[in-house]
1. Are any residues in the range 27-59 on the phi > 0 side of the Ramachandran plot, crowded, with 17+ Cβ neighbours inside 10 Å and at pLDDT 95 or above, and if so, which ones?
2. On the basis of being crowded, with 23+ Cβ neighbours inside 10 Å, at pLDDT below 95 and within 25 Å of residue 241 (Cα to Cα), does residue 174 make the cut?
3. For residue 156, state whether it is more than 24 Å from residue 54 (Cβ to Cβ), touching a helix residue (DSSP H, G or I) at 6+ places or on another chain (Cβ under 6 Å) and buried (at least 21 other Cβ atoms within 10 Å of the Cβ).
4. Please verify whether the range 65-81 includes one or more residues that are assigned to a strand (DSSP E or B) and surrounded by fewer than 18 Cβ atoms within 10 Å (Cβ to Cβ).
5. Restricting to the range 82-109, name every residue that is in a helix (DSSP H, G or I) and either without any contact (Cβ under 8 Å) to a residue 12 or more places away in the chain or in contact with a strand residue (DSSP E or B) (Cβ under 9 Å, 6 or more places away or on another chain) (or both).
């Protein structure tokens, strides 16, 4: 089976020369939900930005990322970005139109035929994320959870194969977190979830990758890795409360 995402020997340094990713390799199967965890500065967001070609600033001759068998290259960038939808940590980085409808319609209009009537698609996607009737509202007047769902609707309207989510529960209250978890469970796309919310990772992601200082430290079953307290503490993380009484490989 062709992986949905295949990362091979990905290395990246910031413009100032600081190494951000060091020889990272892993693959994600179609339909899989992969957790991506690590301390601040571990390279999680930088890794996600490579999955649809936001980074590196210039694509080299040796692609390190393949999406559904398509190598990420200058001539495949448009197709890769259609297939891999990125949901950023701060919804305000993603919302820029006067209305919710226009924000959700923007992606399909870019990737499809601009003359096509996208209204049925936008309305169906807003229904999917629990925002029926929000089309004419201003994104700037929504709650944090509602903004996050508008961002997700905008990506889902493009029908991506892969969702890359950077801290999706950031700044959400407990109800917002519960609603987002429920929503993400219903989405069949392949998902890569980078988060400090380790309970989210336990609940959603059967498999997890741990990054630290740009190095892939571990890749395995979420419950085994996150229940390993010495491993977690060694990399600036804490064993989740829900796994406090569980031992690795138990």
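1. 38, 43
2. no
3. no
4. Yes, because at least one residue in the range 65-81 is assigned to a strand (DSSP E or B) and surrounded by fewer than 18 Cβ atoms within 10 Å (Cβ to Cβ).
5. Those that are in a helix (DSSP H, G or I) and either without any contact (Cβ under 8 Å) to a residue 12 or more places away in the chain or in contact with a strand residue (DSSP E or B) (Cβ under 9 Å, 6 or more places away or on another chain) (or both): 83, 93, 102, 107, 109.
So that you can scan it fast, the table gives a plain yes or no per residue for (1) farther than 19 Å from residue 139 by Cα; (2) without any contact (Cβ under 8 Å) to a residue 24 or more places away in the chain; (3) touching a strand residue (DSSP E or B) at 6+ places or on another chain (Cβ under 6 Å):
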residue: 163; (1), (2), (3): yes, no, yes
residue: 166; (1), (2), (3): yes, no, yes
residue: 171; (1), (2), (3): no, no, no
residue: 175; (1), (2), (3): yes, no, no
residue: 187; (1), (2), (3): yes, no, no
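The values are calculated or read from the model by the stated rules, or taken from the named source; none is laboratory data. Quick caveat: nothing in here was measured; it's all calculated off a predicted structure. All Cβ positions, even for glycine, are placed from backbone atoms using ideal geometry, and neighbour counts span all protein chains on display.
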